[in-house]
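Let me begin by presenting the structure, written as structure tokens, before commenting on it.
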């Protein structure tokens, strides 16, 4: 009975948050990404030790956590994020709907801290992308695309790293697998997004003679992205979601997501010439 009581006391903050009985004011660095009327939707409010990411939250709940907004802590302070638990504990870092009411033509500061609404279209923030993917473990980037006929295509890059602001949030990508075309590391369109710095309308870090983030299509600017000169993919242009042949102005996509979670590809290799396991 004593063990059961200790377990119940330990789980009480999580149980209270799930039922909506919050006992303290919600605090997070990116609180502006969740409207006040939706604060009650945070599913682990009151949890004493916050998970680093959504996957850790899923493991902490023994696989019982449901999709929704959670407090995570990849750095020194709590951050709100939408968690795709049913798909394996992914932390959603971007979601866009074609012709979204959320404007993705934003400044460097806005892309750094994030914008939009976590329960809808949003960019979590380059600083949080950096904090999430810098380690200590490796991370995977997941891409999810849904076209106008509701056909879904997926892709994963492993490992995935966004470097710090001192490098202009440079993108680092590993091997690709998935049903979508590899639009970030394959140079099929003469654009290579891997190893590129981030560009916004007020900070030009691309390889084109103009600022790629300012170039318009149907009156809508490109938005912030890891441009080359300019893009073989761009998931931050809200009038046309672009991912080479999978999503473009001829083959329209309705939705796109970018998500991260810890890598699952580090395996032990057993060799006949060595007496110990190697990575």
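Please treat every number below as a calculation from the coordinates, not as lab data. Keep in mind the model is a prediction, meaning the values are calculated, not measured. Glycine also receives a Cβ, built like all others from the backbone with ideal geometry; neighbour counts cover every protein chain displayed.
The table that follows gives values for the structure above.
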| quantity | calculated |
| --- | --- |
| Cα shape, the range 159-222, gyration tensor, a/c 1.5 rule | oblate |
| Length gained when the stretch residue 38-residue 187 is fully extended (0.36 nm per residue, less Cα-Cα span) | 49.4 nm |
| Length added when fully stretched, residue 119-residue 214, from 0.36 nm per residue minus Cα-Cα | 31.5 nm |
| Residue 152-residue 172 FRET efficiency (beta carbon distance; Förster radius 35 Å; 0.05 resolution) | 0.85 |
| Angle between the chain longest axis and helix 2-19 axis [Cα atoms, degrees, rounded to 10] | 40 |
| Förster radius 25 Å - calculated FRET efficiency between residue 60 and residue 138, Cβ distance, rounded to 0.05 | 0.80 |
| Of (i) -0.52, -0.64, -0.88, -1.20; (ii) -0.32, -0.40, -0.61, -1.13; (iii) -0.36, -0.45, -0.65, -1.12, the label for log10 I(q)/I(0) by the Debye sum over Cα atoms at q = 0.08, 0.09, 0.11, 0.15 Å⁻¹ derived from the coordinates | (iii) |
| Global form of the range 19-144, assessed from the alpha-carbon gyration tensor, a/c cut-off 1.5 | rounded |
| Shape of the range 37-85, Cα gyration tensor, a/c cut at 1.5 | oblate |
